[in-house]
Amino acid sequence: MSISIKTAREIEKMRRAGELLEKVHDELGRAIHPGMSTWEINKLGEEMIRSFGCTPNFLNYNGYPASICVSVNEEVVHGIPSKKRILKEGDIVSLDAGLIYEGYHSDAARTWAVGNVSPEAQKLMDVTKQCFYEGIKFAKPGNHLVDIARGIQTYAESNGYSVVRDLTGHGIGTRLHEAPEIPNFVQRRRGAKMQKGMALAIEPMINEGTYDVYWLDNDWTVA
């Protein structure tokens, strides 16, 4: 699959899609509290997305049953919201969400603390957030995708963490997942050379301990 190069007009639509998604994340972050179910988070997020006149792009994507992926503690991504899953003090919860604005997709994840969390949990969140910025520093025309990966991996491993290998970032545009794949770890190939007009979803996924992951029995949630 070839990498699509967006026009200035397309980039503006994608920027707006991203701004609206940021509002969703900010509101969900304020709402999260001990005693809240992961289903409530999903409901609030979907209602916000639709209030903007947008469509939640995760809902029914390849059969995924919700609008917001809600992953708790050891779950890395693609947690399925449930009325039975209740957040408690000290949990960390990762929300992965996206929306479609005038035909263009946005996609972003953020991890939030539920009440007061341990210093270890806070450090993991802080380092993972900074990994994103360490990667995005290299998202410039003329660099290769491996430069983003190296920035993320170097920072994560210098803090004693490991980078998940089984999942990657991706291109984005009129489809949620477009070329290219964007690994968060260095591989032998340099990956595509970046150029103006590419749109990338950079998605660092960082573990304490080993980088190995496994899929739960629901075939979605990665832990």
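Residues being on the phi > 0 side of the Ramachandran plot and touching a residue at least 12 places away in the same chain (Cβ under 8 Å) are entirely absent from segment 212-221.
All conditions in (1) within 18 Å of the chain's Cα centre (by Cα); (2) over 28 Å from residue 55 (Cα atoms); (3) in a helix (DSSP H, G or I) hold for residue 129, with the sole exception of (2).
Restricting 122, 153, 195 to residues that are exposed (fewer than 14 other Cβ atoms within 10 Å of the Cβ) and not in a loop (DSSP other than H, G, I, E, B) narrows the list to 122.
Each row is one residue, and each column tells you yes or no for (1) in a helix (DSSP H, G or I); (2) touching a residue at least 24 places away in the same chain (Cβ under 8 Å); (3) over 20 Å from residue 81 (Cα atoms).
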site: 5; (1), (2), (3): no, yes, yes
site: 15; (1), (2), (3): yes, no, yes
site: 18; (1), (2), (3): yes, yes, yes
site: 25; (1), (2), (3): yes, yes, no
site: 39; (1), (2), (3): yes, yes, no
site: 44; (1), (2), (3): yes, no, no
site: 48; (1), (2), (3): yes, yes, no
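For segment 135-154, the set of residues classified as free of Cβ contacts under 8 Å to residues at least 40 places away in the same chain, within 21 Å of residue 210 (Cα to Cα) and in contact with a strand residue (DSSP E or B) (Cβ under 9 Å, 6 or more places away or on another chain) consists of 153 only. Can you tell me which residues in segment 156-192 are within 20 Å of residue 222 (Cα to Cα) and in a loop (DSSP other than H, G, I, E, B)? Within segment 156-192, 161, 164, 165, 166, 167, 168, 176, 177, 183, 184, 185 meet the criteria. When residue 45 is tested against the conditions (1) within 19 Å of the chain's Cα centre (by Cα); (2) within 23 Å of residue 173 (Cα to Cα); (3) open to solvent by 40 Å² or more (accessible area, probe 1.4 Å), the lone failure is (3).
The values are calculated or read from the model by the stated rules, or taken from the named source; none is laboratory data. Worth saying up front: this structure is predicted, and the values here are computed from it rather than measured. Using ideal geometry, Cβ is built from the backbone for each residue, glycine included, and neighbour counts are taken over all protein chains shown. With ligands, DNA and RNA removed, areas are computed over all heavy atoms of the protein, side chains included. Shrake-Rupley method; radii C 1.70, N 1.55, O 1.52, S 1.80 Å.
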